[in-house]
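Presented below is the structure to which this report refers.
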Amino acid sequence: MAQSQAKLINRRAMLLSSAAAVGVAGLRLTDGAATPVLTPSPTVAPLRPAAGAVVSLEAAERTMALPCFGGKSLPLWTFDEASVFPIVRVPRGQALEVAIKNSLPRADEHITLHWHGLRIPNAQDGVAYLTQAPIMPGATGRYAFTPPETGTFFFHTHCNSVDHFGRGLVGALIVDGDEAQASDADLVLMMKDWRLDAGKSFLPFTTDEGAAKAGTAGTVRSINGVTNPVYAVPASGNIRVRLLNVDPARISEIGLEDADGAIIAVDGNGCTPIELGTWRLGPAGRLDILMRAPKAGQVAQLVDYFSAEPVVLARFLAEGPEVRHDAFTPAPLLTMPFKVADRSAAEHLDFTFSATATGSAVAATAAAGGDALAIGKLCLSKRTFWAINKQPWSSVDHSDLGPPLASLKVGRSYIFELKNVTPNAHPIHIHGHTFEIITSNLRDLPSVRADTILLLPKERIEVALVADNPGRWMFHCHILEHQETGMMGYVTVT
Ligand SMILES: [Cu+2]
């Protein structure tokens with residue numbers, strides 16, 4: 001519907017149309033070259049299965065020339081023939097059934113599909129060995145569930161994720177039906193960097209220094225496979241921007257320029273609208289922004305202020321007749337029926353996120369240069385840098401799970417104290433549940449629900465949850481190199 005209005009246009013068209021004529025102050029066009037025309041955008045056409053239909057995905061290597069590759073084709077791994085990041089959209093209440101074939105080209109490269117942020121039955125959660133047997137090459141796996149809540153989610157494999165994300169193997173899942181007041185356009189923006197060398201070939205997706213410190217950064221930034229794309233949006237319209245950080249390591253400070261905006265959902269969970277100053281968005285976090293588009297011919301910008309020099313991530317060119325004339329007063333999304341934790345009766349559990357002795361040593365010496373870290377294709381890391389409660393994820397074999405980090409009782413309320421004793425940030429993700437954010441020792445955080453909590457260096461954050469979903473649930477850092485080198489564990493709910 002509205003999404004098709006938000007087509008991607010190229011910079012040359014923008015300059016020739018009207019933006020240049022009105023003077024786009026503050027627009028940093030750094031490379032001087034025209035962005036290639038993309039029609040349609042790599043992710044504009046979502047898969048909207050009819051009720052009862054099965055969505056067919058196939059994880060496979062496909063050579064694609066994304067615009068951000070500068071004319072080069074690269075062997076991506078994707079779920080779909082048609083787009084680098086497929087979007088599956090279903091209305092709330094509709095059952096979703098997905099068949100996923102594993103056609104990845106490497107021998108023994110098994111997969112599962114994890115539905116990030118969705119509180120679905122444990123058997124559908126898609127974690128090899130913990131919730132299901134892996135889907136071996138040539139085999140097809142099936143997932144069936146009804147998403148319990150609306151929101152902005154994504155799906156990905158859960159083993160050898162550094163490699164898989166690095167090659168693009170990610171998709172979005174949007175569950176519609178939460179708008180009390182319909183927006184005028186709805187954009188799904190997948191933010192991911194790519195690790196390319198000067199010849200535009202893939203660099204190693206992981207390094208010792210990255211794995212032991214802040215994660216290995218990409219070299220080329222992109223939104224939906226385009227560096228600094230321009231989207232056409234209806235002038236003076238309310239534009240819902242769903243930003244998904246699907247990068248393995250990138251932390252951003254998200255803001256808007258030349259438009260008003262409000263945060264309407266965090267990790268897909270609707271909240272009381274919060275005026276968007278900036279928002280620290282870590283890997284696997286999602287942010288739904290309602291933006292009031294500027295007048296026709298003007299351009300608003302989505303900006304990352306985290307680096308020394310702000311980076312424009314995407315631009316929105318307002319076109320057509322003004323669709324709204326009222327003041328911008330964003331309506332809250334419909335409330336979903338979450339159980340609220342009973343904090344007075346909650347049991348307190350501490351989780352300390354730390355480096356292992358090895359990790360500290362490597363971090364101290366990594367600048368001297370080390371071997372590329374080999375993470376085995378069966379999700380066996382050869383190194384262990386990180387731990388939760390001094391317990392690193394098994395470095396022997398993921399089929400050997402070891403003991404849980406905690407055993408929770410169904411229906412009980414818990415307060416987790418998440419304590420980061422490292423000098424690096426860690427986005428901490430729990431499966432099958434969402435947290436209520438209570439407090440941080442370092443900053444004022446709004447009372448929102450989230451499934452991925454960005455813990456800053458030395459930060460302690462208290463969160464609450466109701467353990468209302470039985471099963472064994474992963475609990476881990478979503479900087480994927482940290483996850484795969486020890487900062488991962490699971491909790492049981494029985
Ligand atoms: Cu981490």
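Nothing in this text is a laboratory measurement; each read-out follows from the coordinates by a stated rule. Here the structure is a predicted model, which is why all the values come from computation and not from measurement. Every residue, glycine as well, gets a Cβ built from its backbone with ideal geometry; the counts of neighbours run over all protein chains shown.
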Burial ordering of Val241, Val421, Val88, fewest other beta-carbon atoms within 10 Å first: Val421, Val88, Val241
Theoretical gain in end-to-end length, Ala296 to Ala308 [0.36 nm per residue, Cα-Cα removed]: 1.2 nm
Spin-label model distance (nm) - Asn389 vs Ile274, 7 Å beyond Cα toward Cβ: 2.8 nm
Residues in the range 417-451 that a label on Ser344 would reach, taking backbone N under 19 Å of a point 7 Å out along Cα→Cβ: 438
Residue order, fewest to most surrounding Cβ atoms within 10 angstrom, among Arg89, Arg383: Arg89, Arg383
Order of Lys390, Lys101 under a 10 Å beta carbon neighbour criterion, fewest first: Lys390, Lys101
Residue-wise HN-Hα coupling along the range 327-342, computed from phi with Karplus coefficients 6.51, -1.76, 1.60 (Hz; x: Gly, Pro): 5, 7, 10, x, 7, x, 6, 4, 7, 8, x, 6, 6, 9, 5, 8
Rounded, prolate or oblate (a/c below 1.5 giving rounded, otherwise prolate when a/b exceeds b/c) for the range 419-494 by Cα gyration tensor: oblate
Relative packing of 182-191, 477-486, 435-444, which averages over residues the other C-beta atoms within 10 Å, highest first: 477-486, 182-191, 435-444
Zone residues, the range 157-181, relative to Arg92, backbone N less than 11 Å from point 7 Å out along Cα-to-Cβ: 175-180
C-alpha center-to-center spacing [the range 335-358, the range 301-332] in angstrom: 34 Å
Cα-projected label distance for Lys200 with Thr352, points at 7 Å along beta-carbon direction, nm: 4.9 nm
Extension reserve of the Ala144-Ala50 stretch, reckoned as 0.36 nm per residue once the Cα distance is removed: 32.4 nm
